[in-house]
Amino acid sequence: MKILDIDDNMYVKPRTRHGFQYSVTGQHYCDERDQLQTRNNNLTKERDQLQTINNNLTKERDQLQTSYNNLVKERDQLQTSNNNLTKERDQLQTSYNNLIKERDQLQTSYNNLTKERDQLQTSNNNPAKERDELQRETEKLNNKIKGNLAMNGVATQSSLYGNRDASDAIDGKRNTHYESCTHTLKDSNPWWRVDLLNEYRITEVTLTNRGDCCPERLDGAEIRIGNSLENNGINNPRCAVISHIPAGEAHTFQCSGMHGRYVVVVIPGRSEWLTLCELEVYGTPAVTGQHSCAERDSLQTSNNNLTKERDQLQISYNNLTKERDQIQTSYNNLAKERDQLQISYNNLTKERDQLQRETDMLNNKIKGRPCPEGWKKSGSSCYYTTTVIKTWEESRKDCNERGAHLVIINSKEEQTFINGLNGPGNETWIGLTNVDTKGTWKWVDGTPLTTA
């Protein structure tokens with residue numbers, strides 16, 4: 001059997017006493033909480049029941065709060081997913097609109113080309129002029145159909161950081177993370193160059209900036225196009241100056257049909273790391289000559305393929321729209337459930353607050369009642385002590401016969417008060433035992449011992 005020493009520095013501290021169930025001094029005291037007088041019994045009992053209900057309600061409120069927080073978290077995650085899907089849908093819509101526009105322009109150019117072909121077949125008036133016009137129209141169409149010229153080229157750069165090779169910028173992937181981008185050391189005037197292997201009439205260059213870090217590194221970079229490798233191609237004519245490309249975005253620069261085999265990106269005038277995630281080059285071969293019927297037929301085939309791709313994109317867009325609508329429906333249902341839960345939570349909070357007010361009023365009434373003669377009051381409780389030597393069981397029985405129980409220490413303040421009743425060096429029985437479960441201390445009301 002263990003008894004406890006009580007001091008001012010901790011609530012309770014177990015001490016072994018050779019298996020005996022009684023103290024040296026035999027002093028004990030009782031905490032009257034349940035019965036002050038016969039007329040107070042019902043009030044005290046109702047207070048305890050109300051406290052239990054209040055505790056259960058508080059526990060249910062906390063569980064509801066946890067469920068509510070989880071629901072809010074899930075709602076926010078769904079909102080994020082919904083926002084991302086909306087962004088992807090809008091990007092797809094933009095791409096789709098651009099494709100429609102390009103298709104219509106291609107159709108117009110094709111119709112004009114067909115008309116010019118028919119005129120060329122029926123008339124020999126000024127054939128050179130008509131040939132040149134046909135050349136220009138065909139070059140415009142080829143610019144859209146031929147695709148990214150850089151993917152067939154050979155890339156190099158001023159230096160190598162890690163394993164981020166220059167070829168990472170011409171792999172056809174607009175992935176904006178570090179592992180899919182080129183990267184030089186912090187060079188003075190760093191440069192990157194692609195050799196298209198043939199001379200082209202370049203109309204536009206599209207550059208994709210890194211998305212996970214440091215988009216400002218490309219600020220002030222220049223795009224140069226030409227046939228010279230002098231100064232690593234940096235001396236070639238300039239197509240554009242990059243003022244700023246936001247993180248993870250791709251910008252297109254118009255080069256107005258500049259001729260060249262090499263496309264160079266250089267950051268002049270400072271030491272910097274040069275990182276490109278993707279560089280695309282669009283244009284037509286820099287060749288001359290009349291276009292034959294075979295070229296016209298090839299144009300028709302390309303036009304048909306583009307139409308097929310457009311239709312496939314429309315199907316994908318429709319499917320995405322359907323998925324978006326389903327997610328929106330799910331989100332609306334979740335928002336409705338969330339609102340209903342909020343109403344229930346508000347009602348429960350109102351009931352809890354009302355119960356708290358009633359509990360406070362009851363406690364105030366109890367605090368105002370005097371203790372019986374020989375008892376000492378602290379807070380809303382009365383305490384009784386005796387110097388008669390008894391065992392723990394005898395002490396507990398004595399308390400019960402007085403309508404009370406061995407004291408249960410609920411706070412630091414209560415422990416300090418009890419220590420003051422005992423006086424220095426005295427030992428008393430309290431409502432703590434390990435008889436039922438050896439090694440585990442419990443209060444007489446069944447609650448486990450906690451120390452601090």
Q) Are any residues in segment 355-379 assigned to a loop (DSSP other than H, G, I, E, B) and touching a residue at least 24 places away in the same chain (Cβ under 8 Å), and if so, which ones? A) R369, C371, P372, W375, G379
Q: Could you look through segment 405-437, keep only residues that are more than 55 Å from the chain's Cα centre (by Cα) and not in a helix (DSSP H, G or I), and pick out the one that is surrounded by the most Cβ atoms within 10 Å (Cβ to Cβ)?
A: W429
Q. When the residues of segment 332-366 are filtered to those that are surrounded by 13 or more Cβ atoms within 10 Å (Cβ to Cβ) and among the β-branched types (V, I, T), which remaining residue is modelled with the lowest pLDDT?
A. I366
Q) L313: surrounded by 12 or more Cβ atoms within 10 Å (Cβ to Cβ), more than 28 Å from I408 (Cβ to Cβ) and not assigned by TED's automatic domain parsing to the domain that holds G420, yes or no? A) yes
(Q) Consider segment 228-248. How many of its residues are under 17 Å from E216 (Cβ atoms), free of Cβ contacts under 8 Å to residues at least 60 places away in the same chain and not β-branched (V, I, T)? (A) 3
Q) Got at least one residue in segment 191-200 being surrounded by 15 or more Cβ atoms within 10 Å (Cβ to Cβ), in a loop (DSSP other than H, G, I, E, B) and modelled with pLDDT of 90 or more? A) no
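The values are calculated or read from the model by the stated rules, or taken from the named source; none is laboratory data. Given the structure is predicted, the values throughout are model-derived calculations rather than measurements. Virtual Cβ from ideal backbone geometry, glycine too; neighbours counted across all protein chains shown.
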